[in-house]
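Peer 1: Quick one: this structure, given as structure tokens, is what I'll be asking you about.
The values are calculated or read from the model by the stated rules, or taken from the named source; none is laboratory data. Computed from a predicted model, the values in this text were never measured in an experiment. Don't worry about glycine lacking a Cβ; one is built from the backbone with ideal geometry, like all the others, and counts go over all protein chains shown. With ligands, DNA and RNA removed, areas are computed over all heavy atoms of the protein, side chains included. Shrake-Rupley method; radii C 1.70, N 1.55, O 1.52, S 1.80 Å.
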Amino acid sequence: MTYRLSDEQIELRRIVRELAEEQIAPRAAEIDATAEFPWDLKELLARQDLLGTAVPAAYGGTELDGVGQAIVAEEIARADATTSLIPIVQKLGSLPILLAGSDEQKDRFLPRLASGEWLAAFGLSEASAGSDVSALRTRARRDGDDYLLSGSKRFITHGSIANLVIIFALTDPSAGGRKGMSAFIVERDTPGFSAPRVEHKMGIRGSPTAELLLEDARVPAANRLGEEGEGFKIAMATLDRSRVAIAAQAVGIAQGATDYALAYAAQREQFGEPVAELQGIQFMLADMASQTEAARHLTYAAAAAVDAGAPDLAYLTSSAKLVAGDTAMRVTTDAVQVLGGYGFITEYPVERMMRDAKITQLYEGTQQIQRLVIARQLLRRAGVARSKTS
Amino acid sequence: MTYRLSDEQIELRRIVRELAEEQIAPRAAEIDATAEFPWDLKELLARQDLLGTAVPAAYGGTELDGVGQAIVAEEIARADATTSLIPIVQKLGSLPILLAGSDEQKDRFLPRLASGEWLAAFGLSEASAGSDVSALRTRARRDGDDYLLSGSKRFITHGSIANLVIIFALTDPSAGGRKGMSAFIVEHVVFKYGYMVNHNAFSRGKRARDFTAVLPLAELPEATPTRAALGATGLVLVRRGDLVYALKETCSHAGGPLAEGQLEGDTIICPWHSSAFRLADGAVRHGPATSREVAYAARINGDQVEVQGPR
């Protein structure tokens, strides 16, 4: 095993970092203040072929390996967490098609997602079905060659701007969420499909988080992913893989905060010297840097496990998201502390990073759900019966 | 030792909790969203005699014991942290008078603070004197029966709305901060830029008025080290080659530029948002701008720098 980045990955990191520092970082404060989606940066990322990194070349993607995809998310998040969600959510919405789509569906949708012409979103959560995914209530009723979808979704990242949303709905309510759920590709112009509300949020403020309404939305059966009843499996297989990107986002946020705090400490003078000379500050910076480094390597290991199709990939991806999310929260909180009162005001970027970091502990499974996933894998390995959790 | 609340303290907690739940908690989200000081709640707390809890009865206060004062702050903060700062900062600004004021000063100021007619603030921190309090640079020079105070304070809670601010300033710079510092009661301080107020407004998506400010740009000789540049006070922008630096006040002390940007054509490109702000800082101090928080673009025009607000 060669435990280092390849020359291509190092070059990728250099290119994306440069792009992020020059064209994304200067926009971050304004995106946060105005809470407007950065369409210009979406175009920039599309032009740079950074929205199809998870898509095979046959469908117009750049087909990066998992570590490469993590590097892209990480380097963009280092400059701005909101903007990093553009490739991250594009992958999240593409994965169900990649994992369960027919050749026809892949031909129809993947090229437009890979080029960035279309944006994708992932419509699983509902107001009463958050951590408890199987409690979802959106229904899909067969009607000739179509399905009629009815219900509502909540907290759907990019739900209001996506050209297609993967909607999970019950085709067989009597079988319950786990066995009665199916997945559908719902296109934006579908009659009966709307996004009536966008949330006001603490962080990732430029990334619209939408409520979606399905009022007998007519979706062709040709847009169903896999068979009826495979929805839960598709959702879990997607999340087992997609959450590496959230881990990478968290690593990027933590690295951005560490870099800023370090630069600040080197120039801020108190007691006659830069505060970076004070051991109390040095210890904080050392903790921030080393914890971020640890989270990064676990994230890369998880990304590599996804590539390898490792049977326990969920164990590693959940571990990475758990560790990286907590690291981002701790490190950004410390960065505010290093800047003192200056860290608390919007003139400096670290308070934004701290607000942005919080979401990494919440979405694509709360940290508590990650622990459940990890524990189930542990118990399975140990041969312990899973009477309650299965 | 009896470690339990007295009946009076329990009753105080019940009363303040009820007040906070009924009249403060329902306002908390709006106060946060609008970033506006809740003058109505200041009046409410004044009417309920909760702004003079640290002041002796002789000066119109309610003279609660320390635990009682803690209960007041705690129960209000349980509903809304912003509102809890009203009694907390009132006490912070009253304490120097309570601890060190003459009888005449106590007579003159404490009743108005205890009643809540006046708000007080505590002006210690400066941009370069945060944790390092003794590094403060505000000066106070004796002038007959007066002192002339000059300098600037930063991060002063309620500084823009207080009727009096306790200002700490050096009367004897040669003795250093610890021994050369004095405290003054400064009435009706007008803070020109309303810094925190504007800052909060912007962070909530409100836009301050557009503006363009122009300030002179000095050419820095190639050989001059930036830290030694110019004996000017205030913040100045200097240019050397295609780099633009913002230098603060007495540069010999500052140890380098506050910020620097790359000059490309007629535009200053700043690596970080805060650098742009620091460049803009100069414009606010020298020009007509009302909020440095909205400035983020700086542009060279001949021998001047233009700083622009959003769109």
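Peer 1: Can you give the convex hull volume of the alpha carbon atoms of chain A per residue, in Å³? Mind showing how you got there, number by number?
Peer 2: On the way: hull volume 55.8 nm³, N = 390.
Expressed per residue, the convex hull around the Cα atoms of chain A is 143 Å³.
Peer 1: First check a/c for the range A:120-227, with a ≥ b ≥ c the square roots of the eigenvalues of its C-alpha gyration tensor; if it is under 1.5, answer rounded, and if not, answer prolate when a/b is larger than b/c or oblate otherwise.
Peer 2: Numbers: a/c = 2.15, a/b = 1.39, b/c = 1.54.
Oblate, since a/c reaches 1.5 and b/c is not below a/b.
Peer 1: Over the whole of A:260-269, what's the average partner chain Cβ count within 10 Å per residue? Rounded to a whole number, please.
Peer 2: Taking all residues of A:260-269 together, the mean is 2.
Peer 1: Here is a further query. So if I take the centroid of the Cα atoms in the range A:105-163 and the same for the range A:190-243, what is the distance between those two points in Å?
Peer 2: The range A:105-163 and the range A:190-243 have Cα centres spaced 2 Å from each other.
Peer 1: List the accessible area buried at the contact between B and A, summed over both sides and calculated with a 1.4 Å probe, in Å² to the nearest 100.
Peer 2: Working: alone 16730 and 16740 Å², together 31360 Å².
Approximately 2100 Å², summed over both chains.
Peer 1: Here is a follow-up. Hey, can you grab everything whose amide H is under 5 Å from the amide H of A:Arg197? Only 5+ residues off in sequence or another chain; H modelled, so Pro and N-termini drop out.
Peer 2: A:Glu211
Peer 1: Further, regarding this structure: Which residues belonging to the range B:121-159 lose at least 20 Å² of 1.4 Å-probe accessible area when the assembly is complete, relative to their chain isolated?
Peer 2: So the qualifying set is B:Ala127, B:Ser128, B:Ser131, B:Asp132, B:Arg154, B:Phe155.
Peer 1: Karplus couplings for the range B:108-123 from phi (6.51 cos²θ - 1.76 cosθ + 1.60, θ = phi - 60°), rounded to Hz, Gly and Pro as x?
Peer 2: My calculation for the range B:108-123 gives 6, 10, 4, x, 5, 6, 5, 7, x, 4, 10, 9, 10, 9, 10, x Hz in order.
Peer 1: What FRET efficiency do you get for B:Leu99 and B:Ile15 if R0 is 35 Å and r is their Cβ-Cβ distance, rounded to the nearest 0.05? Before the final figure, lay out each step's value.
Peer 2: Numbers: r = 28 Å, r/R0 = 0.81.
The computed FRET efficiency comes out at 0.75.
Peer 1: Here's a follow-up. Determine the gain in length on full extension of the stretch B:Glu8-B:Ser134; use 0.36 nm per residue of separation and subtract their C-alpha separation, reporting nm with one decimal. Could the numbers behind the result be given before it?
Peer 2: Details: separation 126, 0.36 × 126 = 45.36 nm, distance 4.14 nm.
Extra length from B:Glu8 to B:Ser134 when fully extended: 41.2 nm.
Peer 1: Another question about this same structure. Rank by packing, highest mean first: peptides A:288-294, B:100-106, A:62-68, with packing defined as the count of other Cβ atoms within 10 Å averaged across residues.
Peer 2: Values: A:288-294: 18.3, B:100-106: 11.7, A:62-68: 20.3.
Result, highest mean Cβ count within 10 Å first: A:62-68, A:288-294, B:100-106.
Peer 1: If you find the alpha carbon centre of the range A:35-82 and of the range B:78-98, how far apart are they in angstrom?
Peer 2: Each part's Cα centre sits 49 Å from the other's.
Peer 1: Take A:Glu36, project a point 7 Å from its Cα along the Cβ direction, then tell me which residues of the range A:107-128 have their backbone nitrogen under 15 Å from it.
Peer 2: Under 15 Å, as judged by backbone N against the label point of A:Glu36, lies no residue of the range A:107-128.
Peer 1: Checking buried surface per residue: for the range A:13-29, which residues lose a minimum of 20 Å² accessible area in the protein assembly relative to the chain alone (1.4 Å probe)?
Peer 2: Listed by number, the residues meeting the 20 Å² cut-off are A:Ala25, A:Pro26, A:Ala29.
Peer 1: Using the Karplus equation 6.51 cos²θ - 1.76 cosθ + 1.60 (θ = phi - 60°), what ³J(HN,Hα) coupling, rounded to whole Hz, does each residue of the range A:130-140 give in order, writing x for Gly and Pro?
Peer 2: Result, rounded to whole Hz: x, 4, 8, 4, 6, 7, 5, 10, 4, 9, 10.
Peer 1: Tell me, what HN-Hα J-couplings in whole Hz come from the Karplus equation 6.51 cos²θ - 1.76 cosθ + 1.60 at θ = phi - 60° for each residue of the range A:163-168, using x for Gly and Pro?
Peer 2: So the Karplus estimates, Gly and Pro as x, are 7, 9, 10, 7, 9, 9 Hz.
Peer 1: Now for a separate question. Decide, for the range A:61-139, between rounded, prolate and oblate: order the square roots of the alpha carbon gyration tensor eigenvalues as a ≥ b ≥ c, take rounded if a/c falls under 1.5, and otherwise choose prolate if a/b is larger than b/c, else oblate. Walk me through the numbers before you get to the answer.
Peer 2: Numbers: a/c = 2.17, a/b = 1.21, b/c = 1.80.
Oblate is the answer for the range A:61-139, as a/c is 1.5 or above yet b/c matches or exceeds a/b.
Peer 1: Now for a different question. A 30 angstrom limit on the alpha carbon distance is what I want to check against. Which of A:Lys201/B:Lys153; B:Lys106/B:Lys179; A:Lys201/B:Lys42 exceed it?
Peer 2: On the way: A:Lys201/B:Lys153 32 Å; B:Lys106/B:Lys179 24 Å; A:Lys201/B:Lys42 28 Å.
Result: A:Lys201/B:Lys153 exceed 30 Å.
Peer 1: Here is a further query. Going by average Cβ neighbours within 10 Å, how do the peptides A:297-304, A:81-88 rank, with the highest at the top?
Peer 2: Details: A:297-304: 23.0, A:81-88: 28.2.
Highest to lowest by the protection proxy: A:81-88, A:297-304.
Peer 1: Run through the range B:1-42 and list the GluC sites (Glu not before Pro) located in a DSSP loop whose Cβ has at most 15 other Cβ atoms within 10 Å.
Peer 2: Values: sites: B:Glu8, B:Glu11, B:Glu18, B:Glu21, B:Glu22, B:Glu30, B:Glu36; in loops: B:Glu36.
Taking the range B:1-42 and a limit of 15 other Cβ atoms within 10 Å, the loop GluC sites (Glu not before Pro) found are B:Glu36.
Peer 1: Over the alpha-carbon set of the range B:122-191, work out the extent along each principal axis and list the three values in angstrom, largest first.
Peer 2: Computed over the range B:122-191, the largest-to-smallest principal extents equal 33, 33, 14 Å.
Peer 1: Go through B:157-164, A:348-355 and give me the packing order, highest mean Cβ count within 10 Å leading.
Peer 2: Details: B:157-164: 20.1, A:348-355: 24.1.
So the order, starting with the most tightly packed, is A:348-355, B:157-164.
Peer 1: Something else now. I'd like to check one number: the per residue accessible area of the range B:122-191, probe 1.4 Å, reported in Å² as a whole number.
Peer 2: Values: 3610 Å² over 70 residues.
On a per-residue basis, the range B:122-191 sits at 52 Å².
Peer 1: Then there's this: Counting only other chains, and only Cβ atoms inside 10 Å, what mean value do you get across the residues of A:340-348? List each step's numbers first, then the result.
Peer 2: Values: counts 4, 6, 5, 0, 1, 9, 9, 13, 4.
Average neighbour count from other chains, rounded to a whole number: 6.
Peer 1: For chain A, what relative contact order do you get, as a whole percent, if you take Cα pairs closer than 8 Å and at least 6 residues apart? Provide the component values of the computation, followed by the final result.
Peer 2: Numbers: 779 pairs, mean separation 61.3, N = 390.
16 percent.
Peer 1: First check a/c for the range A:316-359, with a ≥ b ≥ c the square roots of the eigenvalues of its C-alpha gyration tensor; if it is under 1.5, answer rounded, and if not, answer prolate when a/b is larger than b/c or oblate otherwise. Don't skip to the answer; put the middle values down first.
Peer 2: Details: a/c = 4.78, a/b = 2.60, b/c = 1.84.
The shape class here is prolate.
Peer 1: Follow-up question, since we're still on this one. Tell me the carbon and sulfur percent of the accessible area for the range B:1-91, rounded to whole percent, probe radius 1.4 Å. List each step's numbers first, then the result.
Peer 2: Numbers: 2600 of 5040 Å².
Here carbon and sulfur together make up 52 percent of the probe-accessible area.
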